[in-house]
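What follows is a set of notes on a single structure, which appears directly below.
The values are calculated or read from the model by the stated rules, or taken from the named source; none is laboratory data. Bear in mind that the values here come from a model prediction, so they are computed numbers and not experimental data. When we count neighbours, we look across all protein chains shown, and the Cβ atoms used for this are built from the backbone with ideal geometry, even at glycine. What goes into the accessible areas is simple: the full protein's heavy atoms, side chains included, and nothing from ligands, DNA or RNA. Shrake-Rupley method; radii C 1.70, N 1.55, O 1.52, S 1.80 Å.
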Amino acid sequence: MKENDNVIAIARKLVSITAASALLLSGSTGAFAQAASPQAAPTQSDSFNIPDDISFLSQSDPNVRRATARVNGNIITGTDVDQRVALILAANEGVDIPADELQRLRLQVLRNLIDETLQVQEAAALDMAVTPDEVEEAYARFAQQGRNMTVEQLGQYLETIGSSPRTIKRQIQGELAWDRLLRRNVAPFVNVSEAEVSELYERMQESRGATEYRLGEIFLQSTPANRDAVAANAQQIVQQLREGGSFQAYARQYSQATTAAVGGDLGWIRVEQLQNPQLEGVVGEMQPGQLVGPVEIPGGLWIGLLIDRRQIGMPDPRDAVLSLKQISITFEPGTTQAEAERRGNAFVAAVDSMNGCGDANSKATAIGATVVDNDEIAARALPEALQNVLLGLNIGQTTPPFGDLEEGIRVLMLCGRDDPPSAAGPDMRQLMSQMEDERINKRAQRYLRDLRRDAVIEYN
């Protein structure tokens, strides 16, 4: 790939994440970045000796540029940390973050900035430095496609939340540098044989029809000595998530699993791959969108989010495109319960007498009901309770009435259904690409650990 094309590809991937998550931390968004991002939480193998009582983060005046760390001579200032934290707080707007959790977030941001600095330094040392023009091009593309703003408007927005364009540009520089390093120093040395791919493909064919789960996870390591403190932290994280916090953001910052780099996303797996009977039972009972935990497992505490589930190689009924009529009545303010019941009974009787969609409009008009048509709505776009009911209907049948005195009463009538095509699953070439990416990601993690180990880092 040419350098200019690479810049464009990185920028496009930046904007595809969604505006909020793209403004989250220093995650690598290059071709090999999903599981190799520098945002993974430090493990026991990391050599950073970050003290718990970092006094230099207690000051939050953005006008004071004070060094908090030197990474091989390059300075990371308090302002750098504060402006990156501001991006996260903006993405979690409305979520109240306690002071102790905010302190932990600052420490994690500092770690991320250190990793980012190491990547940029490594690229420069190997004559692969990212140029200012490349950064500006990617930043402009992000402003346009990711935020639907001009460069000037994005700059103004960042300043209003306490951040700056420099923060995003620094993140982009790190992403481009890391992607470039992986392309030259890691990817060429990864090989996957056709025999390995064939074996995996055969196993997948044998498992056709089995249930797969797409899971998000946050894992917090604990020992008998700190178990209570870690459990309290886990409960606090769960509370923040239930109040609307971003699961991906919390996973990136606090999870100590290798999936932290990709926002805790385990991808599509079968429960047996969890290799934990307790988690297998928990996940098997979860519904899409459900958050569970913390669950105590060997080595720590686990928080899980079921993003979705499917049957391997089988079409998902929720991908069916439905043609629906919504038939509804509303109640004027002050309507008594008795009058509402009378009108409700008349509405139900009229709906029961309708002979399919062709008869619905005239009978709805006769009782003062409103009809709204939607000919292209995916079943999965509807609330789960309605999904299950609608997917069990025949053409011309309606859901049970639902609603209340304030919202009115309504039913949905099924007028058409286009079922999804059979899912063929990944082909051999796609499987090989996936296996190569997994191996690249593992080597990339080791590469970053080596950079951390060899770095000279001074803290104030």
Checklist entry - Between Val321 and Asn191, what is the spin-label point distance in nm, taking each point 7 Å from the Cα along the Cα→C-beta axis? => result 4.6 nm
Checklist entry - For the range 246-339, what is the convex hull volume of its Cα atoms per residue in Å³? => result 219 Å³
Checklist entry - Can you give the FRET efficiency for Ala125 and Asn460, using 1/(1 + (r/R0)^6), R0 = 22 Å, r = Cβ-Cβ distance, to the nearest 0.05? => result 0.30
Next on the checklist: Along the charge dipole of the range 65-194, pointing to its positive end and built from +1/-1 on Cβ of Lys, Arg, Asp and Glu, which listed residue (Ile97, Gln156, Gln121) has its Cα farthest out?
Outcome noted: Gln121
Item to check | Unit charges on C-beta of K, R, D, E only; dipole of the range 301-460, Debye | outcome: 700 debye
Next on the checklist: Can you bin every Cα-Cα distance in the range 205-275 into 5 Å intervals starting at zero and give me the percent of pairs per bin, rounded to whole numbers?
Outcome noted: 3, 16, 20, 20, 18, 12, 6, 4, 2, 0
Item to check | Cα→Cβ-extended label distance, 7 Å offset, between Ala99 and Ala231, nm | outcome: 2.6 nm
Checklist entry - Suppose R0 equals 41 Å; then what is the FRET efficiency for Val295 and Arg166 from their Cβ-Cβ distance, rounded to the nearest 0.05? => result 0.50
Checklist entry - If you average the sequence gap of Cα pairs under 8 Å that are 6 or more apart and divide by the length of the range 202-320, what percent do you get for the contact order? => result 42 percent
Next on the checklist: Computing the accessible area with a 1.4 Å probe over protein heavy atoms, can you report the carbon and sulfur percentage for the range 109-233?
Outcome noted: 48 percent
Checklist outcome for this item: Taking only protein heavy atoms and a 1.4 Å probe, the highest-to-lowest accessible-area order of Glu341, Glu116 is Glu341, Glu116
Checklist entry - Relative contact order (percent) for the range 76-201, with alpha-carbon contacts under 8 angstrom and 6 or more residues of separation? => result 33 percent
Checklist entry - Which GluC sites (Glu not before Pro) in the range 209-294 pass both tests, a DSSP loop state and at most 15 other beta-carbon atoms within 10 Å? => result Glu243, Glu285
Item to check | Anisotropy class of the range 389-460 from Cα gyration tensor, a/c 1.5 cut | outcome: oblate
Checklist entry - Roughly how many Å is it from the Cα centre of the range 184-217 to that of the range 236-280, as a whole number? => result 21 Å
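Per 0.36 nm of contour for each residue apart, how much would the distance between Asp404 and Asp450 grow if the chain were fully extended, relative to their Cα-Cα spacing? Walk me through the intermediate numbers first.
Numbers: separation 46, 0.36 × 46 = 16.56 nm, distance 6.15 nm.
Computed gain between Asp404 and Asp450 is 10.4 nm.
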Item to check | Paramagnetic reach from Ala385 in the range 273-317 [backbone N under 20 Å; point 7 Å along Cα→Cβ] | outcome: 286-291
